[in-house]
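What follows is calculated from the coordinates using simple rules that are stated; it is not laboratory data. Quick caveat, the model's predicted, so the values are computed rather than measured. Note that we place each Cβ from the backbone using ideal geometry, even for glycine, and neighbour counts take in every protein chain shown.
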Amino acid sequence: MPKIDSPASPIVPRLKGLHLFHFDGAPCAQRVRFALGEKGLARGREVKFDADTPQSCEGENNKWVSRVVSLARKEHISLAYAQIHPNMVVPALVHDGQLYLESLDIIAYLDSAFGGPRLIPEPSPLLDDTMALVEQAKELHVSLRYVSFRWGLGRLAMLNPKEREKLKGLAAQGSDGENLVSFYGAYSTRTIPERVFEEHLLKLYKAFADLDTRLRDARPYLMGDTLTIADVFWSMKLLRLIETGYPVAEHHPTLNKWYQRIYARPAFQNEVMGKNRMSYLFFRAKSGIENTLGLGLNKATAKILAA
């Protein structure tokens with residue numbers, strides 16, 4: 001979804017400079033923070049996501065104002081945020097009163113509006129190949145949600161009946177492009193068959209296996225010698241799946257080496273991990289215990305490969 005010309009939120013037109021509505025643990029928001037870091041734009045001050053005082057609306061030079069929309073506290077299904085992003089997902093970016101939604105469109109805008117290395121190649125066969133890989137990553141966003149909710153977030157992601165009704169009402173006023181109403185309804189009532197989760201896990205496994213093969217020619221990044229938006233999109237998938245206990249080093253060793261190179265980049269450490277580090281370590285520990293007990297992604301992955 002590109003620039004939104006007439007946002008419903010009264011806050012948006014008042015914002016000066018660069019403001020990012022995000023959540024530290026959300027992969028789509030992590031993509032944008034990674035891109036911001038690669039562009040030399042650092043995280044600035046923190047304000048409430050719906051703050052609209054004169055001071056909170058000001059920007060910062062060479063920094064972006066952090067407006068955290070807590071998914072844990074269900075702030076994304078509030079009226080204030082639904083007026084900013086009708087799909088009630090993060091991220092959303094505002095630059096001098098102009099609203100941009102969806103991570104791909106936001107990164108494309110950042111590439112055109114700010115300096116630093118380009119993440120999207122100039123028109124060429126390389127651009128076509130890069131965007132094809134990005135589109136594949138986007139299509140697997142739903143699979144990532146199913147797998148990370150089932151083996152990562154667990155009960156923490158469930159909505160109670162009151163919250164589900166609230167979500168349904170907000171979606172009716174705007175849009176539900178991500179099918180959150182049906183997903184949360186089924187997930188929260190435990191009516192999604194286990195085979196559905198396993199089918200999504202298998203889709204991710206096959207995609208990672210293909211990337212592992214691609215990288216066996218010793219290229220440092222997915223498209224060659226230069227970091228691109230394809231690396232941004234796919235590294236966030238690996239980050240979330242590793243956090244959830246996925247055995248990437250065991251099944252995709254070349255891909256794992258690529259991921260470690262991405263992980264070591266300053267922009268990744270500062271803007272992606274940053275304030276997400278403690279949450280990441282908590283879920284790594286949780287998934288490690290579950291794998292030890294035979295309840296985690298190690299056993300689930302072995303099961304789908306044996307089928």
- Note on the structure: In whole Å, largest first, the alpha carbons of region 52-188 cover along the principal axes 48, 43, 27
- So, for the Cα atoms of region 112-224, Rg and Dmax in Å stand at 18.6, 53
- region 41-195: Lys pairs at Cα distance under 21 angstrom, eight or more positions apart or on different chains: 5
- Message: At a threshold of 8 angstrom on Cα-Cα distance, excluding pairs fewer than six apart, so keeping six or more, what relative contact order does the chain reach in percent?
- Response: 22 percent
- Alpha carbon centroid spacing (whole Å) that separates region 267-303 from region 37-91: 26 Å
- Message: Going by average Cβ density within 10 Å per residue, which order do the peptides 246-257, 50-61 take, highest to lowest?
- Response: 246-257, 50-61
- Item | Where N is the number of residues in region 172-307, Cα Rg divided by 2.2 N^0.38 Å | 1.18
- Message: Checking a compactness column here: for the chain, what do you get for Rg(Cα) / (2.2 N^0.38 Å), N being the number of residues?
- Response: 0.99
- Task: Treat region 46-123 as a sphere of radius equal to its Kirkwood radius over Cα pairs and apply Stokes-Einstein at 25 °C in a medium of 0.890 mPa s; give the translational diffusion coefficient in µm²/s, rounded to a whole number.
- Result: 176 µm²/s
- Item | Mean Cβ neighbour count within 10 Å, used as a protection proxy, ranking 300-306, 15-21 highest first | 15-21, 300-306
